[in-house]
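Comments concern the structure below.
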Amino acid sequence: MKKRTSFIITSAIMFIFLLSSTVLAAEVDAAQLNADRFGVLTILPPLVAIVLAFITKNVVLSLFLGVFSGTFLICLSGNNFFNAFFQGFLSIIDKIRGSLADPWNAGIILQCMTIGGLIALISKMGGARAVAESLAKKAKSPISAQIITWILGLFVFFDDYANSLIVGPIMRPVTDKMKISREKLSFIVDSTAAPISGIALISTWVGYEVSLIKDAYTGIGQNVNAYGLFIETIPYRFYNILILAFIVISALTLREFGPMLKAERRARTTGKVLGDGAKPMVSSETTNLEPREGIKLNIWNAIVPITVLLIGAFAGFYYNGYVAIMAGKDTALQELLTNSPASFLAIREAFGASDASIVLFQAALLASIVAIAMGLWQKIFTIGEAIDTWVEGMKSLVITGVILLLAWSLSSVIKELGTAKFLVTILSNSLPKFILPSIIFIMGSIISFATGTAYGTMGILMPLTIPLAFSLGAGDSQYMIVSASAVLTGAIFGDHCSPISDTTILSSMGAACDHLEHVKTQIWYAISTAIITVIFGYIPAGLGVPVYIVLPVSIMAIVALLYIVGKPIDSSESGSLVSKKAM
């Protein structure tokens, strides 16, 4: 254990020292003074958060102690450790309160929780189940069953928890009928949960990701449209895109490898969707999303509220940005919106000037009201039951709010200590520019795999990554976007295949699969896709190769992987094995 702990600490220190670049503008401010005063100790908060995340597997505790180590240093004067301990604890409260008091942050928390309430309403009305069942009727073969499961996973883009708990139970009878193994079903469910929610334009993830981007850019003195930058990262979220492509290619070719090949051949040839001795996970949590018994399922109970959410969000982006521009001093933009309000350029500028935290909250609240009205009109629930359901859905995202506040507080402490300034000052030109996104992706993968959470990993790495990418790339905005995307997608990879990840566990539950078998079969695919992500994705992107070249080549690498390493499920080899067993 001591050797393992010491290896983790050494690796974390090496990583933090490795992430370095040319010197930033040497303005004398509090952060620079702290960087000069504390030196190497400025890396203590992120180091504590990373190491404890590995050891405890508890991201809340790790982030809290990471923040505390920073406030302790800031309050340390001479050798008065007791006073620093006391004042440092009080400072944590100030940091968290300050994070919550920020209007942007408050809006992000509100929109996340409101979308959670909306999801609960849609589920209770039977909308999600109705859409799923209508799609399930079209499944006529193993190929179509897998593709429809994938499509349904894309449809439930707004939340990874809802995805895991809705798609699995609905498609399970269909995939069982088509002799698709529970391991493959849980893989498809898991691979369309966090990967799609993480890149969806509107989801319970987007607020958190946007807030991290905004905060990190503020740390280098740039006031940016964080939502616009988030959209720009999407083409560079290679792992998310490639694992989604992997599902389709595997389903169309009916080729598998590793333990999944064995599981699929077992299901096709014997009809056993679960292996002998398997212990399928089932959860009472799925009933919380089930519609009341006797309710007539209607796809419009899902389509209408989600459409309101989408239209409300896009209309809100335009209106909010329009108001902001017209209240500003840029006369050229004001003339553009006055003379050509519906032009593509005008819409783009309005969207860029909008406040995503306000707009998404407003859109989610409007969609929730519409969902409640629809439920009352159909007599699905009373007004009291509707509000209770909505609040219950919000409760499921309380932990997200806690992680958000601690991540923001850690970012604030890191900024005040001058951690990024210290790193970029002492390690000038020690790292090749092209390799930084790959290192960030790998470290994000390791941390999120060990902790089982993408949120905590993003919160730890983003405040360090943006300043380092800014310095190493000499302010190259595209290079910074690639680096930011590496944080976001690396965190999702580790979270996707970690055995202690909530979405991995929920996917096993939703598919009623043995959890260890799900992890064992899925990890081969996840790691293979991650390797392709680095070799064919982030290394070329770091070298400046355009994404419209990188992405197709990466997808072709997935195809090549399945044809070179993978084997057909219905091969003569599997048939001979079955005949020998029968004899």
Original post:
In what sequence, highest mean first, do 140-147, 543-550 appear when ranked by Cβ atoms within 10 angstrom?
Top reply: 140-147, 543-550
Original post:
Expressed as a whole percentage, what fraction of the accessible surface of the range 313-379 belongs to carbon and sulfur atoms when a 1.4 Å probe is rolled over the protein heavy atoms?
Top reply: 68
**OP:** Kindly report, to the nearest 10 Å², the accessible surface of residue 241 as traced by a 1.4 Å probe over protein heavy atoms only.
**Re:** 40
**OP:** Beyond 27 Å between alpha-carbons counts as too far, so tell me which of 140/567; 272/395; 95/395; 124/272; 137/296 fall in that bin.
**Re:** 272/395; 124/272
**OP:** Please arrange 524, 377, 408, 150 by accessible surface area, largest first, computed with a 1.4 Å probe and ligands excluded.
**Re:** 377, 524, 150, 408
Original post:
To the nearest 10 square angstrom, how much accessible area does residue 265 have with a 1.4 angstrom probe?
Top reply: 30
Original post:
How would 157, 86, 257 line up by accessible area, probe 1.4 Å, largest first?
Top reply: 86, 157, 257
**OP:** Net charge near residue 185: determine it from the other residues with C-beta under 14 Å of the C-beta of residue 185, scoring Lys and Arg +1 and Asp and Glu -1.
**Re:** +1
Original post:
For the range 288-407, with every protein chain kept in place, what is the accessible area per residue (1.4 Å probe, Å²)?
Top reply: 54
**OP:** Sum up the charges of everything whose Cβ sits under 12 Å from the Cβ of residue 218, counting Lys and Arg as +1 and Asp and Glu as -1, but leave residue 218 out.
**Re:** 0
Original post:
Calculated FRET efficiency, residue 253 and residue 539, Cβ-Cβ r, R0 41 Å, to nearest 0.05?
Top reply: 0.95
Original post:
Accessible area, 1.4 Å probe, largest first: how do 138, 272, 262, 124 sort?
Top reply: 262, 138, 272, 124
**OP:** Sketch the reach of a paramagnetic label on residue 330 as a point 7 Å from Cα along Cα-to-Cβ, and name the residues of the range 347-387 whose backbone nitrogen lies under 13 Å away.
**Re:** 347-355
Original post:
Leaving out ligands, DNA and RNA but keeping every protein chain, what accessible area does residue 516 have, in Å² rounded to the nearest 10, with a 1.4 Å probe?
Top reply: 130
Subject >> Estimated inter-spin distance, residue 58 and residue 97, nm [label 7 Å along Cα→Cβ] >> reply: 2.5
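The values are calculated or read from the model by the stated rules, or taken from the named source; none is laboratory data. Remember, it's a predicted structure, so these values are computed and weren't measured experimentally. Cβ: placed from backbone, ideal geometry, glycine included. Neighbour counts: every protein chain shown. These accessible areas exclude ligands, DNA and RNA; they are computed on the full protein's heavy atoms, side chains included. Shrake-Rupley method; radii C 1.70, N 1.55, O 1.52, S 1.80 Å.
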